[in-house]
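Participant: Sharing a structure with you now.
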């Protein structure tokens, strides 16, 4: 009920819609671009499709390294709702340029547009997370972040499906994709006018346009506070996990489950819907508090079900290609779907309290810049994820073995986080003891 009230409130509802439309539009464009690169532009350019797809991922992430520090400074210096409207207006221009790129079938131009879209997302991130503690009280932050995670991952899933479907429509060329992304950008800009005023966090900031210097300065500022550093590194570890799991989905679905494209989409859907469900569960378990004790519990859950993917090994499926109609008749495939969904659920239990704690504990005058520093480390950890996965592939490690390796590393990383911030372990112990005492009291009443 608290989440429903938040969605209905002007303090949160318009921001939720704007960020949902933005994430949805990003993924419609990105996945439509992947389809065009794979089936139309690869042959035209003479470059392998998988190379183009990898390049597209790098191009989208690059602005997070380049401009996050500048985005954080701007978000803290100026009134946030006005900057959000300007950023969303830029999205309309970027999507109009995307229309030109699709019509021209120019790989270089579309990559340039993708870079601009990544830049627009880079500037929106600190605004989105920086405005939450200004519009929500601390008891609402966990619920608000849970809804943001739910909206983001739902938008990623729906945008990926819509982008692929629109790009695959025969006979209409890029027209369906172009119409969709421009309309969504317009809708996001219009909805942004309903976001309430949010006063500048620190209007005295002198913006440092030297990007390397300001980026290093932002990271150094975050690192000075051990608590903030622990939260940032733990959040970025989640992005490492998510990037690793998602990068293995296509190969796992195709080579181990012998599934077609729809089965791979269903695997992604299981993981994504798990995160959405887990975000709502986390809000309920937190009961209006920012409960860091849920983080180790989420971590253990992720590792348990990742290890189950290792134990399942090579699923005993036939070599017949599995489809949506036949996949649920194969228990190993069902087991994989359940594991991935539960990894998503525990992933949300892991990540939602971390975002809420970071927003609540960062100095409000520096909140957006702390989020900007987080975005840099998130991007860095996603690069580490790609290097990690490629390295293990190079040593011929199987995908189930990679799941198992990640499960073990996850526990090691959580142990390190608890050393940096003992509150994780302390609050988890309190939650477990409270639950045990409640069950004992219930038994006594029944007796």
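The values are calculated or read from the model by the stated rules, or taken from the named source; none is laboratory data. For clarity, every value in this text was computed on a predicted model and none was experimentally measured. Note: ideal-geometry Cβ built from the backbone for every residue, glycine included; neighbour counts use all protein chains shown.
Participant: Go through (1) over 17 Å from the mean Cα position of the chain (by Cα); (2) modelled with pLDDT of 90 or more one by one and return the number of the condition residue 289 breaks.
Facilitator: Failing condition for residue 289: (2).
Participant: Here is a further query. Does residue 219 count as part of a helix (DSSP H, G or I) and over 24 Å from residue 26 (Cβ atoms)? If you could, list the steps in order and put the result at the bottom.
Facilitator: On the way: part of a helix (DSSP H, G or I): yes; over 24 Å from residue 26 (Cβ atoms): yes.
Considered against the rule, which asks whether it is part of a helix (DSSP H, G or I) and over 24 Å from residue 26 (Cβ atoms), residue 219 comes out as yes.
Participant: Follow-up question, since we're still on this one. Among 125, 143, 118, 164, which is at pLDDT below 85 and in contact with a helix residue (DSSP H, G or I) (Cβ under 7 Å, 6 or more places away or on another chain)? Don't jump to the end; show me each part of the working.
Facilitator: Details: 125 fails: at pLDDT below 85; 143 fails: at pLDDT below 85; 118 fails: at pLDDT below 85.
Of 125, 143, 118, 164, the one residue that is at pLDDT below 85 and in contact with a helix residue (DSSP H, G or I) (Cβ under 7 Å, 6 or more places away or on another chain) is 164.
Participant: Same structure again: Starting from segment 162-179, take each residue that is on the phi > 0 side of the Ramachandran plot and list its partners that are assigned to a helix (DSSP H, G or I), counting only C-beta distances under 8 angstrom and pairs at least six apart or across chains.
Facilitator: Correct list of pairs: 173/102; 173/103.
Participant: Something else about it: Can you confirm whether segment 396-414 contains a residue that is at pLDDT below 90 and assigned to a helix (DSSP H, G or I)?
Facilitator: So in segment 396-414, the residues at pLDDT below 90 come out as 396-400.
Okay, now just the ones that are also assigned to a helix (DSSP H, G or I), so 399-400.
Yes, some residue in segment 396-414 is at pLDDT below 90 and assigned to a helix (DSSP H, G or I).
Participant: Based on what the data block shows, is residue 285 farther than 28 Å from residue 397 by Cβ and either in contact (Cβ under 8 Å) with a residue 24 or more places away in the chain or outside the structural domain of residue 330 (by TED's automatic domain parsing) (or both)? Don't jump to the end; show me each part of the working.
Facilitator: Values: farther than 28 Å from residue 397 by Cβ: yes; either in contact (Cβ under 8 Å) with a residue 24 or more places away in the chain or outside the structural domain of residue 330 (by TED's automatic domain parsing) (or both): yes.
Against the criterion (farther than 28 Å from residue 397 by Cβ and either in contact (Cβ under 8 Å) with a residue 24 or more places away in the chain or outside the structural domain of residue 330 (by TED's automatic domain parsing) (or both)), residue 285 qualifies.
Participant: Consider residue 125 carefully, then state whether it is touching a residue at least 40 places away in the same chain (Cβ under 8 Å) and farther than 25 Å from residue 65 by Cα.
Facilitator: Working: touching a residue at least 40 places away in the same chain (Cβ under 8 Å): yes; farther than 25 Å from residue 65 by Cα: no.
No, not satisfied.
Participant: Determine whether residue 186 is assigned to a helix (DSSP H, G or I), within 26 Å of residue 368 (Cα to Cα) and not assigned by TED's automatic domain parsing to the domain that holds residue 97.
Facilitator: Details: assigned to a helix (DSSP H, G or I): yes; within 26 Å of residue 368 (Cα to Cα): yes; not assigned by TED's automatic domain parsing to the domain that holds residue 97: no.
Here the answer is no, as residue 186 does not meet what is asked.
Participant: Tell me the residue from 124, 115 that is within 16 Å of the chain's Cα centre (by Cα), farther than 23 Å from residue 294 by Cβ and outside the structural domain of residue 295 (by TED's automatic domain parsing), please. Break it down stepwise before answering.
Facilitator: On the way: 115 fails: within 16 Å of the chain's Cα centre (by Cα).
Being within 16 Å of the chain's Cα centre (by Cα), farther than 23 Å from residue 294 by Cβ and outside the structural domain of residue 295 (by TED's automatic domain parsing) holds for just one of 124, 115, which is 124.
Participant: Among the residues of segment 273-303, count how many are closer than 22 Å to residue 418 by Cβ and outside any helix (DSSP H, G or I). Step through it out loud before you land on a result.
Facilitator: Of all residues in segment 273-303, those closer than 22 Å to residue 418 by Cβ come to 278, 282, 285-286, 289-303.
Now restrict to residues that are outside any helix (DSSP H, G or I): 289-293.
Of the residues in segment 273-303, 5 are closer than 22 Å to residue 418 by Cβ and outside any helix (DSSP H, G or I).
Participant: Which condition number in (1) outside the structural domain of residue 65 (by TED's automatic domain parsing); (2) not in a helix (DSSP H, G or I) is the one that residue 171 fails?
Facilitator: Every condition holds for residue 171 apart from (1).
Participant: Examine segment 184-205 for a residue that is closer than 26 Å to residue 347 by Cβ and modelled with pLDDT under 90, and state whether such a residue exists.
Facilitator: If we filter segment 184-205 for residues that are closer than 26 Å to residue 347 by Cβ, which is where we start, we get none.
No: segment 184-205 contains no residue that is closer than 26 Å to residue 347 by Cβ and modelled with pLDDT under 90.
Participant: Taking segment 342-376 as the search range and keeping residues that are surrounded by fewer than 24 Cβ atoms within 10 Å (Cβ to Cβ) and either part of a helix (DSSP H, G or I) or at positive phi (or both), which one is modelled with the highest pLDDT?
Facilitator: We begin by selecting, within segment 342-376, every residue surrounded by fewer than 24 Cβ atoms within 10 Å (Cβ to Cβ); these are 342, 360-361, 363-366.
Still in the running and either part of a helix (DSSP H, G or I) or at positive phi (or both): 342, 360-361, 364-366.
Working: 342: 96, 360: 91, 361: 90, 364: 84, 365: 86, 366: 88.
The selected residue is 342.
Participant: Turning to a different aspect of this structure: Could you tell me how many of the residues in segment 235-259 are more than 14 Å from the chain's Cα centre (by Cα) and either under 27 Å from residue 354 (Cβ atoms) or buried (at least 20 other Cβ atoms within 10 Å of the Cβ) (or both)? Lay out the reasoning, then the answer.
Facilitator: If we filter segment 235-259 for residues that are more than 14 Å from the chain's Cα centre (by Cα), which is where we start, we get 248-259.
Next, only the ones that are either under 27 Å from residue 354 (Cβ atoms) or buried (at least 20 other Cβ atoms within 10 Å of the Cβ) (or both) stay: 248-249, 252-253, 256-257, 259.
Result for segment 235-259: 7.
Participant: Checking residue 256 against (1) more than 29 Å from residue 335 (Cβ to Cβ); (2) assigned by TED's automatic domain parsing to the domain that holds residue 341, only one condition comes out false. Which one?
Facilitator: Evaluating residue 256 over (1) more than 29 Å from residue 335 (Cβ to Cβ); (2) assigned by TED's automatic domain parsing to the domain that holds residue 341 leaves (1) as the failure.
Participant: Separate question: Quick test of your reading of the structure: residue 201 fulfils all but one of (1) part of a loop (DSSP other than H, G, I, E, B); (2) surrounded by fewer than 22 Cβ atoms within 10 Å (Cβ to Cβ); (3) in contact (Cβ under 8 Å) with a residue 40 or more places away in the chain. Name the failing condition by number.
Facilitator: Only one criterion in (1) part of a loop (DSSP other than H, G, I, E, B); (2) surrounded by fewer than 22 Cβ atoms within 10 Å (Cβ to Cβ); (3) in contact (Cβ under 8 Å) with a residue 40 or more places away in the chain is unmet by residue 201, namely (2).
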